Every structure is written in structure tokens, then in C-alpha cells.
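Undergrad: My structure is below; once you've seen it, I'll send some questions.
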Amino acid sequence: MTPLIDYILHLADSTLILAQRNAEWCGHGPVLEQDIAITNISLDLLGQSRNFYQYAASLIGKDATEDSLAYLRTEREFKNCLLVEQPNGDWAQTILRQFFFSVYQQLLFIKLENSKDEQLAAIATKSLKEVNYHVRWSSEWVIRLGDGTAESKSRMIKAVDGLWTYTGELFEAASYELLCSTEALREGERAESESVGIDPSSLKEVWMKKTAEIFEEATLSVPENKFMQTGGKEGKHTEHLGYILTELQYMQRAYPDSTW
Amino acid sequence: MNIQIVKFYYGDIPEDKAGAAIVSNLTKSDWPLWEVFIRSKQGLDHKHVGSLHAADAQMAIENARDVYTRRMEGVSIWVVESKYIHATNPDDAEELYEPASDKVYRHPTFYDLPDEVNHM
């Protein structure tokens with residue numbers, strides 16, 4: 001496994017797991033229109049993860065396929081961030097998780113569009129259109145619920161309290177992120193835009209600014225710095241991921257190599 | 001849910017209500033109904049495609065995008081709250097539409113067109 005493969009798998013895993021979480025809403029959305037909206041987003045994310053997995057599989061070679069990478073790895077091999085594996089909870093938790101992740105993805109893909117790696121740049125460009133809408137949609141909801149009724153506001157506050165601790169990890173570079181983003185430097189190139197990957201710590205400031213903006217409009221307060229959970233990117237997950245994979249991978253595990 | 005929508009028909013709109021329908025028994029948690037119009041291509045007109053529920057216009061447009069344009073049906077969306085749409089009363093169909101049925105001379109089909117004129 002090269003750092004590049006790890007990096008791609010990290011991008012793929014985060015989108016796959018959030019796609020799976022959002023898909024859990026299918027048929028259970030608060031109203032029909034939002035049921036369709038959240039599952040549309042789920043499918044967007046699934047499409048993104050497929051692009052990343054296919055690219056990773058082509059680099060790994062041998063028998064690797066997008067399916068083997070998604071269905072036949074264990075939770076210690078998954079490199080998704082902890083945020084995306086958190087339970088759906090109520091609608092407030094789901095849309096806040098989406099908002100945190102989409103803003104992060106938006107900033108990441110804007111930079112990744114300039115990646116030295118053409119394939120990653122192409123995936124970023126294609127995904128960015130979808131992500132821009134996810135940001136718009138989830139921002140609207142954060143504002144709507146935060147600045148809504150007493151009930152919706154208290155649920156948003158609870159969601160912020162529960163999820164904030166998983167936001168720090170987004171901007172803490174894992175070993176492979178660091179290697180992919182500094183590769184260019186070692187080859188004597190200077191601009192970060194010409195590296196393969198992005199050092200996520202460079203996204204933090206803008207992310208905080210955007211979050212603070214939306215929170216202000218939503219009359220929510222940004223939590224003071226507090227303890228941040230990390231580990232997901234290096235394969236150390238919360239207990240939830242095991243359950244997600246059990247469901248996600250059930251068919252391939254129970255009936256290996258089955259086809260339609 | 002026990003929603004009664006009282007529609008005012010054309011010519012029968014009380015001034016003070018400015019044409020809005022009275023929706024009674026509408027609880028706070030029920031979102032109003034919106035009609036959705038989609039333009040499928042540049043240059044074509046917006047066509048009515050259906051309706052949906054949303055709390056406000058912004059949400060209605062986003063919902064319309066998610067519900068009605070997921071298979072590339074459109075390039076532009078209009079939404080209008082259903083209560084602002086006024087309709088003719090189906091009971092009046094006889095007096096409104098039938099008088100036109102025996103007036104074929106209103107169709108421009110009684111002219112002899114020169115062969116040179118195409119596309120008429």
C-alpha cells in the first residue's frame with residue numbers, strides 16, 4: 001500500500017460510510033420530499049466513493065475491484081473519519097453531520113481540483129457540483145432548525161454538542177495525507193496546489209469561518225475548543241463502524257462472489 | 001389531518017383576502033402545498049409537473065429540484081403556493097367552453113394559402 005492508495009481509500013471510505021448512513025433514512029424521512037433529498041445525497045456520495053474505489057483498485061492491481069475494497073475489508077482497514085459513522089439520531093443530527101462533512105468536502109475538492117494527480121483532480125471536479133448543492137441544502141436546514149422553534153433549536157444544540165467532538169479529526173493530517181501533500185515539496189516543487197493530496201489542516205480556518213457564519217444565522221453558538229476524538233483515518237473507529245459494515249457487507253460475506 | 005381548502009373561483013375573489021384560499025384546520029406542523037413548474041429545455045415554456053409540501057419558497061424550490069429533476073427533467077424551476085392558483089369551476093364548463101364548439105370559423109382554416117407558404 002502506497003500513501004497514495006491509502007489516501008484514495010480514505011476519501012472513498014468517508015463517502016461510502018456517509019452514503020450508507022444517509023441511505024438508512026430511505027423510506028423513513030420526516031416527509032416524502034426530504035426522504036428523497038437525503039437519499040439523493042446518499043447516491044451522490046456513493047457515486048463519489050465508487051470513483052475513488054475504482055481508481056484505488058486500478059492502482060492496487062491484482063484482483064482488487066471496487067467491490068472487494070468496499071465489501072471485503074474489515075473495520076481496522078477502513079480509513080473514514082469518525083464523523084461520518086456517527087448514528088443518524090434525529091433529523092437535526094443527520095443534517096448537522098451532513099453540513100460539517102459537506103463544507104469540509106467542498107473546501108477539500110476545491111483544492112483537489114488542482115491536484116497533480118489528474119484522476120483525483122477529475123473526480124474532485126465532478127463531485128464538486130454535487131457537494132456545492134449538499135452544502136447549500138444542509139446549510140438551509142441548519143439555519144431553519146437552529147433559528148426555528150424552541151423544540152428544533154434544542155435539538156440542534158444537542159446535535160452540536162454530540163458531533164462537535166468529531167470535527168477536529170477532519171483537519172488533523174493522517175500519515176498518508178501528510179505524505180501525499182508534501183510529496184511535491186520533496187521533489188522540489190513549491191506550490192501546494194501542485195501536490196497530489198491536500199494537507200487538511202490548511203482547510204480548518206475557512207471551515208471554521210463558514211461554520212461560524214451559518215451558526216450565527218442559525219442563532220447557534222460555536223462550541224469553545226474542547227476535546228476532539230481522532231483515530232478513524234488510521235483505522236481506529238468508534239463502535240458504530242462495525243455495525244455499519246456488518247449490514248453493508250452482509251451479502252458478500254454470507255454469499256461470497258454472488259452475482260445477480 | 002383534516003385540511004379543507006376553499007378555493008375562490010375567477011370573478012369571485014373577496015378583496016380583503018387578496019385571492020388567497022382559506023385553509024382551515026391547518027396545524028402549525030403542516031407545510032403548505034406548492035405547485036411545481038419545470039422548463040425542460042432552454043426556449044421551451046414551463047410546464048406543470050406536480051405538487052409538493054414545503055415550509056417556504058426556498059425549501060419548495062429545493063424540494064422540487066430533488067423530487068422532480070433527478071432524472072434530468074429540467075433547467076429551470078418555478079414554484080407557486082397552491083392557494084394562489086385560481087381555477088375555473090368544473091360545473092361551469094358548459095357555459096364557459098361549449099359555446100365555442102360550433103364556431104369553426106374562428107379557426108384560420110378558411111384561407112387558400114399559396115403553395116410557397118410553408119410551415120403554417
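Undergrad: Rounded to the nearest 0.05, what FRET efficiency do B:TYR84 and B:ASP45 give with R0 = 22 Å and r taken as the Cβ-Cβ distance? Could you check?
TA: Once the sixth-power term is evaluated, E becomes 0.70.
Undergrad: Please report B:VAL79, B:VAL36, B:VAL117, A:VAL222 as a ranked list, fewest other C-beta atoms within 10 angstrom at the top and most at the bottom.
TA: So the ranking, lowest neighbour count to highest, is B:VAL117, A:VAL222, B:VAL79, B:VAL36.
Undergrad: Quick check: net charge around A:LYS158, other residues with Cβ under 12 Å of its Cβ, Lys/Arg +1 and Asp/Glu -1?
TA: Taking every other residue near A:LYS158 into account, the sum is -1.
Undergrad: Dividing the alpha-carbon Rg of the stretch A:43-129 by 2.2 N^0.38 Å yields what?
TA: Computed over Cα atoms of the stretch A:43-129, the ratio equals 1.20.
Undergrad: Report the local net charge at A:ILE17: Lys and Arg +1, Asp and Glu -1, summed over other residues whose C-beta lies under 13 Å from its C-beta.
TA: -1
Undergrad: Quick one: order A:LYS79, A:LYS209 by neighbouring beta-carbon count within 10 Å, fewest to most.
TA: Ranked by crowding around the Cβ, least crowded first: A:LYS209, A:LYS79.
Undergrad: Based only on Cα atoms, what mean projected area does the convex hull of the stretch A:212-253 have, in nm²?
TA: 5.3 nm²
Undergrad: Another question, then. Once you've got the Cα coordinates, tell me which of A:LYS153/A:LYS209; A:LYS126/A:LYS153; A:LYS153/A:LYS210 are over 29 Å apart.
TA: Cα-Cα > 29 Å for A:LYS126/A:LYS153; rest within.
Undergrad: Net charge near A:ALA124, counting Lys/Arg +1 and Asp/Glu -1 over other residues with Cβ under 13 Å of its Cβ?
TA: So the surrounding residues net to 0.
Undergrad: Next question, about the same structure. What is the packing order of peptides A:62-74, B:94-106, A:103-115, taking the mean over residues of other C-beta atoms within 10 Å and listing the highest first?
TA: Descending packing order for the listed peptides: A:103-115, A:62-74, B:94-106.
Undergrad: What ranking do A:VAL131, B:VAL49 get, fewest neighbouring Cβ atoms within 10 angstrom at the top?
TA: Result, fewest neighbours first: B:VAL49, A:VAL131.
Undergrad: Largest first, please: the extent of the C-alpha atoms of the protein assembly as shown along each principal axis, to the nearest Å.
TA: 84, 63, 49
Undergrad: Next question. If you take the square roots of the eigenvalues of the alpha-carbon gyration tensor of the stretch A:128-260 and sort them as a ≥ b ≥ c, do you get rounded (a/c under 1.5), prolate (a/b over b/c) or oblate?
TA: It comes out oblate by the Cα gyration axes.
Bear in mind that the values in this text are calculations on the coordinates, not laboratory data. Small disclaimer: the values here were computed from a predicted structure and weren't measured. Note that we place each Cβ from the backbone using ideal geometry, even for glycine, and neighbour counts take in every protein chain shown.
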